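See below for the structure under consideration.
The values are calculated or read from the model by the stated rules, or taken from the named source; none is laboratory data. What you see is a predicted model; the values in this text were computed from it and never measured. When we count neighbours, we look across all protein chains shown, and the Cβ atoms used for this are built from the backbone with ideal geometry, even at glycine. Surface areas here come from the heavy atoms of the whole protein model, side chains and all, with no ligands, DNA or RNA. Shrake-Rupley method; radii C 1.70, N 1.55, O 1.52, S 1.80 Å.
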Amino acid sequence: MYNVVMSDLKMEDVVSLCKRRGFIYQGSEVYGGLSGTWDYGPLGVVLKRNIMNLWWKMFVEDREDMYGVDAAILMNQKVWQASGHVDTFVDPLCEDIETKKRYRTDHILKDNGIDPTGMTMAQMDEAITENNILSPEKNKLSQSRTFNMMFTTHVGPVADENSVSYLRPETAQGIFTNFKNVVDSFYPDLPFGIAQQGKAFRNEISPRDFVFRSREFEQMEIEYFIDPEHWEDLFEQWRQNIYEWFEVLGLPKECIHELEVPEQDRAHYSKRTIDFEFDFPHGRDELLGMAYRTDFDLNNIQRDSKKSMEYTIKGTNTKFIPHVIEPSFGVERALMAVLSAAYREDEQNGERRTYLALPEHLAPYKFCVSPLLKNKPELVEKAREVYLDLKKKYRNITWDDNGNIGKRYRRQDEIGTPNCIVIDFDTLEDDTVTVRDRDTTKQTRVKIENLIKYDE
Ligand code: ATP
C-alpha cells in the first residue's frame with residue numbers, strides 16, 4: 001500500500017476519479033463547459049458539505065467566542081470602494097502578442113522556474129525579457145498591466161454607474177459590515193469572532209489546476225476581533241487551531257508548509273500573512289491564508305459610512321476600533337487536499353486497486369450494505385432490513401447490489417466507503433454479517449445488533 005501524494009500522484013488521476021464516480025463535473029459541460037466553474041455531483045456535494053459542516057462545528061459550535069452570519073452576496077458598491085477592492089484587487093496580466101491569449105505574469109514566471117515572490121510588476125516584466133520567456137504558444141509576451149478580478153453586475157433595471165455591484169470576491173466584507181449589528185445584539189467580550197461560509201467569485205485570468213483556481217468557489221472565513229495589544233499571542237493561537245483543522249481533515253503534516261508572505265506581496269490590508277501551502281498534485285501551493293488585517297476594514301467602514309465602529313470595553317470608558325486576525329479557508333482547496341491525501345493505489349490478488357482512504361467522518365457514505373446474491377429474495381429482504389436500520393441512525397448509507405461482490409468492493413473503495421456489509425446465507429442462520437474494511441480489506445464477522453456498536 002502506498003500513498004501516491006508523496007510520490008507521483010497525477011492531477012489527471014484525481015480529476016478522472018472525481019468525474020467517473022460522481023464527485024465533480026466540469027460546469028456547463030453539456031455545452032462545452034464554462035472555464036473556471038465546476039459542478040458537484042451526488043458524492044462531491046456530500047464530501048464538500050462534510051468538510052464545511054466539520055469546519056462550522058469546530059470553529060463556531062464548539063467554541064464560546066464565535067458567532068455565525070450569512071450575508072448577501074450582492075453588496076452596496078461602497079463596500080468594495082471602502083475595502084480597496086475597486087482600486088487594488090488586481091493581478092498582473094500579460095498577453096501573447098500573436099494569439100492575444102492572456103496569462104497571469106507571475107504564473108508564467110513560476111512555470112518557467114522563476115519565483116515571483118516579492119517582485120513588482122516591472123520586475124516581473126524585466127525577468128521575462130532577461131530570460132527570453134515566451135508564452136506557452138512560444139510567442140512574445142506583451143508588457144504587463146493590472147487586471148481587476150471582480151465580476152461586475154448591475155442591480156435593478158437601470159444599468160448605470162449608480163447601480164453597479166459586484167459578485168463578492170471574498171466573504172469577509174459581509175462579516176465586517178455586520179460587526180456593529182452583532183455587537184449591538186450580543187455585546188460579546190473581546191476577543192470574539194464572526195464566521196461565515198459562502199460563495200466568492202473572482203474573474204481569474206487563467207483558471208487552472210482543477211478546482212484549485214476557480215472563478216466561482218466557496219470560502220469559510222473568520223474575522224477574530226481583538227485588542228491590538230494581544231495580536232501576536234492570538235495570531236499564534238490561530239496558527240495552532242489551523243493545525244488542528246489539518247489533522248481532522250487527515251492531511252499529512254509533512255505535506256504542509258508555511259510561507260511567511262513578504263510585505264510587498266501581502267494584500268493591501270495586511271500587516272502579517274502566513275500562507276499555509278500544501279503539496280498538491282500540481283505542486284506546492286496555497287491551501288489557506290491567515291492575515292493580521294489590523295483595523296483597516298472597520299476604520300474604512302467608519303470613515304465612509306460615518307457610523308462608529310468603536311467598541312467600548314464593558315464597565316469602562318475605554319473605546320477603540322478592534323483589530324482583526326483573519327483565517328481564510330477555501331473549500332475547494334481543502335477538498336482537493338483531502339482527495340489528494342486520501343488517494344491510494346495498491347495490489348489486491350494480483351490486481352491494481354485504487355481507493356480513497358478518507359477519514360470516516362468525511363466519507364460520503366459510512367457503510368455500503370449489499371446482499372451476497374441479488375437473485376435470492378431472502379437475502380435481499382434481510383439486507384434491506386439492515387440497510388434501513390442503519391440508515392435511520394446514520395442517513396449516509398448506500399445500497400449496492402450491482403455486479404459481483406468484488407466489483408462492488410472496488411466501486412466502494414474508489415469512493416472511500418470505509419465499511420462494506422454483506423448479508424449471506426449464514427446471516428439468515430445466526431444474524432451475523434461480514435464487515436469488510438476498505439483500507440486493509442480484512443473481513444470480520446459481526447452480529448447485526450453490534451453493527452452500530454462496531455462503528456462506535
Ligand atoms: P492565490 O494567491 O492562490 O490567488 P489568494 O492569496 O488571492 O490566493 P486569498 O485572497 O487569501 O487568496 O483567499 C483566501 C482563500 O480563498 C485562499 O487561501 C484559497 O483557499 C481560497 N481561494 C482564493 N482564490 C481562489 C480561487 N480562485 N479558487 C478557489 N479557491 C480560492
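Below, the figures for the structure above:
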quantity: Whole-number D in µm²/s for region 113-225 (Stokes-Einstein; Kirkwood sum over Cα pairs; 10 °C, 1.306 mPa s); calculated: 88 µm²/s
quantity: Solvent exposure of the chain as accessible area per residue, Å², 1.4 Å probe; calculated: 48 Å²
quantity: Dimensionless Rg over Rh [the chain; C-alpha; Kirkwood]; calculated: 1.03
quantity: Relative contact order, percent, the chain [alpha-carbon distance under 8 Å, six or more residues apart]; calculated: 15 percent
quantity: Listed residue (ASN317, LEU288, ASN299) projecting farthest to the positive dipole end of region 278-329, Cβ model; calculated: ASN317
quantity: Projected-area mean, region 19-90, by convex hull of Cα positions, square nanometres; calculated: 8.0 nm²
quantity: Highest average packing first - 362-371, 259-268, Cβ atoms within 10 Å; calculated: 362-371, 259-268
quantity: Count, lysine Cα pairs under 19 Å in region 365-450, 8 or more residues apart or across chains; calculated: 17
quantity: Extension reserve of the TRP56-GLU126 stretch, reckoned as 0.36 nm per residue once the Cα distance is removed; calculated: 20.7 nm
quantity: Simple label model, 7 Å out from Cα along Cβ direction - LYS393 to GLN443, nm; calculated: 2.2 nm
quantity: Rough spin-label spacing in nm, given labels placed 7 Å along Cα→Cβ, for LYS140 and SER185; calculated: 5.9 nm
quantity: Phi to ³J(HN,Hα) by Karplus 6.51 cos²θ - 1.76 cosθ + 1.60 over region 36-51, Hz, x for Gly, Pro; calculated: x, 10, 9, 10, 8, x, x, 8, x, 5, 6, 4, 4, 5, 4, 5
quantity: Where TRP56, TRP238 fall by accessible area, highest first, once all protein chains stay in place (1.4 Å); calculated: TRP56, TRP238
quantity: Euclidean distance of C-alpha centroids, region 360-439 and region 202-266, integer Å; calculated: 38 Å
quantity: Principal-axis tilt of helix 121-130 within the chain, Cα atoms, nearest 10 degrees; calculated: 70 degrees
quantity: Accessible surface of region 1-123, 1.4 Å probe, proportion on carbon and sulfur as whole %; calculated: 52 percent
quantity: Ranked by how many other beta carbons lie within 10 Å on average, peptides 424-430, 284-290, 328-334 from highest; calculated: 328-334, 284-290, 424-430
quantity: Ratio of Rg to Rh over region 323-456 (Cα coordinates, Kirkwood Rh, two decimals); calculated: 1.06
quantity: Residues in region 223-238 that a label on GLU310 would reach, taking backbone N under 18 Å of a point 7 Å out along Cα→Cβ; calculated: 226-229
quantity: Proximal aspartates and glutamates to LYS199, defined as alpha-carbon separation beneath 14 angstrom and excluding residues fewer than eight positions away on the same chain; calculated: ASP39, ASP70, GLU170, GLU216, GLU218, GLU221, GLU332
quantity: Pair ARG353, GLU378: separation of 7 Å Cα→Cβ label points (nm); calculated: 3.0 nm
quantity: Estimated FRET transfer efficiency when R0 is 35 angstrom, pair ARG49-VAL164 (beta carbons, to 0.05); calculated: 0.60
quantity: Those residues of region 66-95 whose amide nitrogen sits under 15 Å from the label point placed on THR153, 7 Å along Cα→Cβ; calculated: 71-77
quantity: Carbon + sulfur, % of accessible area of region 369-431 - ligands and nucleic acids excluded, 1.4 Å; calculated: 48 percent
quantity: Accessible area of region 204-340 belonging to carbon and sulfur atoms, whole % at 1.4 Å probe; calculated: 43 percent
